[in-house]
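Trainee: Sending over a structure as structure tokens; questions will come in a sec.
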Amino acid sequence: MKITEIEIYTDELKETERFYSEFLGFQEISSTDNTIEFKTGWSKLIFKKSISQNPEYHFAFNIPSNKFEEALEWISSKTELIKVTGNSVIADFKNWNAKSVYFYDNNGNILEFIARFDLKNNSDKIFDASSIECISEIGLVTDNVIHYSDKLIEEYNLQHFSRGGETDVFVPLGDDNGLLIVAGLSKHWYPTEKFVKKSTVKVIFTVRNKTHELILNGD
């Protein structure tokens, strides 16, 4: 599965533009008074203006599997990373054969750089924002995780992530290239103590060369 676009919301559009464009160095594709679009590898990250909604999200970016240490150094020079255990900021997902680091954007969204070593997507380029391969995860918050996951599997020909990890409040659907992370309201977004929150999101993704559009309302 590949996530080609996510569309999410922010109450602070100008500050979001500065954070991603000036601070992180993401390539800005276009902007209006109500929308900003960024290029993130083969994916697009789109923010739309909201008013007094305080939307919050979790999403992840795949990075080259041989550039984890460089990415860690690069992002830690720009912002404070979220601690995972003790003084460590590195999450080592042995079952997923992956390592991640987490940080907040200006909206309080939890962002993640993840190196998935089985992808073998090595790069010779010095790491910067243009090294990001794609948006590889987006959190979808729902009241009934199992029911909603089953619905997505049936409607979009998805499958449970082969590396497992399913619970009644957490179900990953897809593969190493792209995952829909279905989360229940009693869950915290790892590695924080922040509870997940329903917020409107649109995801465009491909499964077996077929393109789908998914909209999950935040109400």
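Trainee: Please specify each residue of segment 152-171 satisfying the condition of being surrounded by fewer than 14 Cβ atoms within 10 Å (Cβ to Cβ) and touching a Gly at 6+ places or on another chain (Cβ under 8 Å).
Mentor: 159, 168
Trainee: Okay, moving on. How many residues does segment 25-41 contain that are in contact with a strand residue (DSSP E or B) (Cβ under 9 Å, 6 or more places away or on another chain), surrounded by fewer than 15 Cβ atoms within 10 Å (Cβ to Cβ) and touching a residue at least 12 places away in the same chain (Cβ under 8 Å)?
Mentor: Of the residues in that region, 5 qualify.
Trainee: Quick one: which strands (runs of 3 or more DSSP E) sit completely within segment 1-90 and have at least 2 residues that are over 18 Å from the mean Cα position of the chain (by Cα)?
Mentor: Fully inside segment 1-90 and qualifying: 27-31.
Trainee: Let me ask you something else. What pairs come out if I take residues in segment 150-167 that are within 13 Å of residue 180 (Cβ to Cβ) and pair them with residues that are among the small types (Gly, Ala, Ser) whose C-beta lies under 7 Å away, six or more apart or interchain?
Mentor: Close Cβ pairs (under 7 Å, with a partner that is among the small types (Gly, Ala, Ser)) amount to 158/174; 161/174.
Trainee: Further, regarding this structure: Which numbered condition in (1) outside any helix (DSSP H, G or I); (2) touching an Asp or Glu at 6+ places or on another chain (Cβ under 9 Å); (3) buried (at least 20 other Cβ atoms within 10 Å of the Cβ) is the only one that residue 149 fails?
Mentor: Among (1) outside any helix (DSSP H, G or I); (2) touching an Asp or Glu at 6+ places or on another chain (Cβ under 9 Å); (3) buried (at least 20 other Cβ atoms within 10 Å of the Cβ), residue 149 violates only (1).
Trainee: In this structure, is residue 200 farther than 27 Å from residue 11 by Cβ and either surrounded by fewer than 17 Cβ atoms within 10 Å (Cβ to Cβ) or modelled with pLDDT of 95 or more (or both)?
Mentor: no
Trainee: Also, I was wondering about something else. Could you tell me how many of the residues in segment 90-112 are closer than 30 Å to residue 53 by Cβ, touching a Leu at 6+ places or on another chain (Cβ under 8 Å) and free of Cβ contacts under 8 Å to residues at least 60 places away in the same chain?
Mentor: Within segment 90-112, residues that are closer than 30 Å to residue 53 by Cβ, touching a Leu at 6+ places or on another chain (Cβ under 8 Å) and free of Cβ contacts under 8 Å to residues at least 60 places away in the same chain number 3.
Trainee: I've got another one for you. Only one residue in 174, 178 is under 30 Å from residue 27 (Cβ atoms) and within 12 Å of the chain's Cα centre (by Cα), so which one is that?
Mentor: Answer to the check: 178.
Trainee: Considering segment 107-130 alone, what residues qualify as being touching a strand residue (DSSP E or B) at 6+ places or on another chain (Cβ under 6 Å), of a type outside the set (D, E, K, R) and either farther than 20 Å from residue 59 by Cβ or outside any loop (DSSP other than H, G, I, E, B) (or both)?
Mentor: Listed by number, the residues that qualify are 110, 111, 113, 114, 115.
Trainee: Ok, one more. Restricting attention to segment 55-68, does a residue exist that is on the phi > 0 side of the Ramachandran plot and among the small types (Gly, Ala, Ser)?
Mentor: No; the residues of segment 55-68 include none that is on the phi > 0 side of the Ramachandran plot and among the small types (Gly, Ala, Ser).
Trainee: Just checking, how many residues over segment 181-197 are β-branched (Val, Ile, Thr) and surrounded by fewer than 19 Cβ atoms within 10 Å (Cβ to Cβ)?
Mentor: Result for segment 181-197: 1.
Trainee: So, residue 210, is that one out of contact with any strand residue (DSSP E or B) (no Cβ under 8 Å at 6 or more places or on another chain) and in contact (Cβ under 8 Å) with a residue 40 or more places away in the chain or not?
Mentor: It is true that residue 210 is out of contact with any strand residue (DSSP E or B) (no Cβ under 8 Å at 6 or more places or on another chain) and in contact (Cβ under 8 Å) with a residue 40 or more places away in the chain.
Trainee: Among the residues of segment 121-173, what is the count of those that are aliphatic (A, V, I, L, M) and in contact with a His (Cβ under 8 Å, 6 or more places away or on another chain)?
Mentor: Matching residues across segment 121-173 total 4.
Trainee: Where residues in segment 181-211 are in a strand (DSSP E or B) and touching an Asp or Glu at 6+ places or on another chain (Cβ under 6 Å), which of them is nearest to residue 90 (Cα to Cα)?
Mentor: If we take residues in segment 181-211 being in a strand (DSSP E or B) and touching an Asp or Glu at 6+ places or on another chain (Cβ under 6 Å), then 181 is nearest to residue 90 (Cα to Cα).
Trainee: In the list 40, 85, which residue meets the criterion of being polar (S, T, N, Q) and modelled with pLDDT of 95 or more? Before the answer, list the steps.
Mentor: On the way: 85 fails: modelled with pLDDT of 95 or more.
Within the list 40, 85, the selection yields 40.
Trainee: Related question: Name the residue that is nearest to the chain's Cα centre (by Cα), counting only residues in segment 152-171 that are over 23 Å from residue 62 (Cα atoms) and part of a loop (DSSP other than H, G, I, E, B).
Mentor: 169
The values are calculated or read from the model by the stated rules, or taken from the named source; none is laboratory data. In this text the structure is predicted, and so the values were computed from the model without any measurement. Glycine also receives a Cβ, built like all others from the backbone with ideal geometry; neighbour counts cover every protein chain displayed.
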